[in-house]
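Worksheet: one structure, shown below.
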Amino acid sequence: GLPAALPVLPLELTVLYNSLLCTVGASDSAIKEEAKGIRLGLLRGKDVVLCMGNSLGQESIFCALEILGDWLEVLQEVTVEELQAPLHHLGALQAAWWLAASRLGSVAGLFQLLSTAEDPGRAHCSEGQSELLSIIKAWQVPPEGSSLPLVQSAKDLKEILYTAAAFLQGLQELEAGNFPTALCLLQEAAGGFCSKKILAQIYTCLGCCTQRMGKPQTALQHLKRALQVDFQCLPALSHVAAVYHELGETDAEMQALILLYEALGKTPPAAASSSHFFLMQTELLVHTPLLTSLLRHHHPSEVKYLLARRCLQDGRVADAVEHYLDFLSLLQEGLQQQVPLDGCSALPRMPEVFLEAASALEQAGRHQDAITVCEEVISQTTDLIPRVLQVEERLEQLECPLPGAGVAAGLLSQKKESLCCLAWRAAGYLHQGWSWAKLGESKEAVTQFSRCLCLPVTENLQAEVELLQKIRLLSLTGRGMQLLELGRQKEALLDFQHSLQISPGDPAAASYLVQALWKLNRKQEAAAQWQKFCQGSPGENGQQQGQERPLPLYLVSCLEQAMFPHSETLARNIQDYLEAAAQNTSS
């Protein structure tokens, strides 16, 4: 409450600077509370200006000024040499507070004032350098008096501010898609003054930037550099796996994921930061949603699932089974603890994971286990499906905020969820049908395939209904195949005809249709259908398949099992029949 006095004000402002830094060093979140202390220092400086009799107008004018204006007034009017250094120190803290809030424009304005107060026109942008970085570099730190020691020198603080500004600007350009500019800024930050932890994060961001620029090998170099600097930067390891996936190097990708899973299971060693004695550090100033996303730590369960999925996609069935079973055992330890609920998880919905596990078990020949896993999906989803499910396309077209639109959106979301549950249950029956077929139980397989067929048929092409129709197609084909095994050719023929109604020109359904007709001794019809199928436009089927959405991983094995295995034999038989028929006609 004492009035400001010029002789002691340098000491007072230096004590304020030191106390603010100590507060920041004691608590990482204290940087957000610095503004009040800096404001106090500015007001004390204004008091001195007023006491010195400078013509600055009424004191009420100061209260109306924004804080940047306050700095302008004080730096213009305070010419006492003893006050220059303390005010510049507080200005550096003000810049740190604004950097932590990502207010880069305010930081540029403040350092412009600080530089102008010393030597107007000195800040010039060098090639490849942003205006803000040029302004910060141009700021000359006032010499520090030996009688007023600082807990952290302003020179070190300047270097930290420069690195943080380059890092933040690089992240902004990366988010905006300006990758060459982001690369230059992040490289500038990598050459700055920071801890190993921050340097590893910068290299990780450089890796992500170069990956998006289409330079995967350069991205790997940056990411490996991040791990060399700080192996606890595990997000870099997950990005390494992603780059190897992009390059198609499956073995290297698997190794990276295994290393990541093992590292996540270990207790990290105590960090030994080389900048521990600095109260203000770069990590306190750089916080953006993009950085949080790029440096998100995967949970062990996510990595285990990624391993299982990649093994299944690559045909490593035995490894996939092992990883899926490990993942399911992790879930037994507690669903809430094992599955991240932040909306950024790499995990799909749990029924899909179970169905993928069933697909892996089925391909590994563990058909009874696959049936058991599918039964879990069926039992968990049955009660979630209403008895009557009406699909209306018009609900998807509600974009205007009409009265009751919120209710309609809620109904649409509920219907989509019901459709998902219906698809999962149908896929469970589908896998059970194939498993029973592999066990030689054709009658039981027919029963399970039949349970898939109580599905809605609609022209609505939303993804959930398309998936249901694909499951229906695979079920009809599978049931028709088993009916052929049982010698029930007429029933099989109907299933294949229905399959072609769902997906005209489907190669498997068309081939099985021809085979059914052939076995019924309706060879003329079989030959006609075969010729019709072969004379179809070669690009027509490919174009139709290209327009379809990709199948979920848990249905890929079902699609493969539905393929017709005897195309060459059937084609040869029909060709022989046609040649014989032609000879009979000519004779």
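Working only within the range 308-318, note down all residues that are open to solvent by 20 Å² or more (accessible area, probe 1.4 Å) and either over 10 Å from Ala364 (Cα atoms) or in contact with a Lys or Arg (Cβ under 7 Å, 6 or more places away or on another chain) (or both).
Matches in the range 308-318: Arg309, Arg310, Gln313, Asp314, Gly315.
Please specify each residue of the range 370-388 satisfying the condition of being open to solvent by 10 Å² or more (accessible area, probe 1.4 Å), at pLDDT below 90 and part of a helix (DSSP H, G or I).
Gln380, Thr382
Leu220 is checked against (1) in contact with a Lys or Arg (Cβ under 7 Å, 6 or more places away or on another chain); (2) farther than 16 Å from Leu171 by Cα and fails just one. What number does that condition carry?
The single condition Leu220 does not satisfy is (1).
When both residues are 6+ apart or on different chains and their Cβ atoms are under 6 Å apart, which pairs have a first residue that lies in the range 482-500 and is under 19 Å from Leu430 (Cβ atoms), and a second that is open to solvent by 70 Å² or more (accessible area, probe 1.4 Å)?
The qualifying pairs are Leu483/Glu491.
What number of residues in the range 163-210 are of a type in the set (A, V, I, L, M, F, W, C) and either in contact (Cβ under 8 Å) with a residue 40 or more places away in the chain or more than 21 Å from Asp230 (Cα to Cα) (or both)?
Here the count works out to 16.
Only one of Gln482, Gln462 is modelled with pLDDT of 90 or more and either crowded, with 16+ Cβ neighbours inside 10 Å or farther than 30 Å from Glu375 by Cβ (or both). Can you tell me which?
Sole residue among the options that is modelled with pLDDT of 90 or more and either crowded, with 16+ Cβ neighbours inside 10 Å or farther than 30 Å from Glu375 by Cβ (or both): Gln482.
Looking only at the range 165-192, filter to residues that are small (Gly, Ala, Ser) and under 25 Å from the mean Cα position of the chain (by Cα); which one of those is farthest from Trp98 (Cα to Cα)?
Going through the qualifying residues, I end up with Gly177.
Quick check on the range 474-481. Is at least one of its residues over 22 Å from Gly428 (Cα atoms) and not aliphatic (A, V, I, L, M)?
Looking for residues that are over 22 Å from Gly428 (Cα atoms) and not aliphatic (A, V, I, L, M), one finds none in the range 474-481, hence no.
Collect the residues in the range 106-136 that are at pLDDT 85 or above and either surrounded by fewer than 19 Cβ atoms within 10 Å (Cβ to Cβ) or of a type in the set (S, T, N, Q) (or both), keeping them in residue-number order.
Glu131, Ser134
Just to be sure, is Leu430 modelled with pLDDT under 80 and either in contact with a Lys or Arg (Cβ under 7 Å, 6 or more places away or on another chain) or more than 27 Å from Met254 (Cα to Cα) (or both)?
Working: modelled with pLDDT under 80: no; either in contact with a Lys or Arg (Cβ under 7 Å, 6 or more places away or on another chain) or more than 27 Å from Met254 (Cα to Cα) (or both): yes.
Answer is no for this residue.
Looking for something buried (at least 22 other Cβ atoms within 10 Å of the Cβ), farther than 19 Å from Gln232 by Cβ and at pLDDT 85 or above - is there at least one such residue anywhere in the range 246-253?
Scanning the range 246-253 turns up at least one residue that is buried (at least 22 other Cβ atoms within 10 Å of the Cβ), farther than 19 Å from Gln232 by Cβ and at pLDDT 85 or above.
From Tyr324, Tyr305, grab the single residue that is aromatic (Phe, Trp, Tyr), modelled with pLDDT of 90 or more and touching a His at 6+ places or on another chain (Cβ under 9 Å).
Of the residues listed, the single one that is aromatic (Phe, Trp, Tyr), modelled with pLDDT of 90 or more and touching a His at 6+ places or on another chain (Cβ under 9 Å) is Tyr305.
Condition test on Gly539, is it under 50 Å from the mean Cα position of the chain (by Cα), modelled with pLDDT under 85 and part of a helix (DSSP H, G or I)?
yes
In the set Gly343, Gly334, which member is on the phi > 0 side of the Ramachandran plot, open to solvent by 20 Å² or more (accessible area, probe 1.4 Å) and at pLDDT below 95? So that I can check it myself, show each step before the final result.
Working: Gly334 fails: open to solvent by 20 Å² or more (accessible area, probe 1.4 Å).
The conditions single out Gly343.
The values are calculated or read from the model by the stated rules, or taken from the named source; none is laboratory data. What you see is a predicted model, and the numbers here were worked out from it, not measured in a lab. Neighbour counts are summed over all protein chains in view; Cβ atoms, including those assigned to glycine, are modelled from backbone coordinates with ideal geometry. Surface areas here come from the heavy atoms of the whole protein model, side chains and all, with no ligands, DNA or RNA. Shrake-Rupley method; radii C 1.70, N 1.55, O 1.52, S 1.80 Å.
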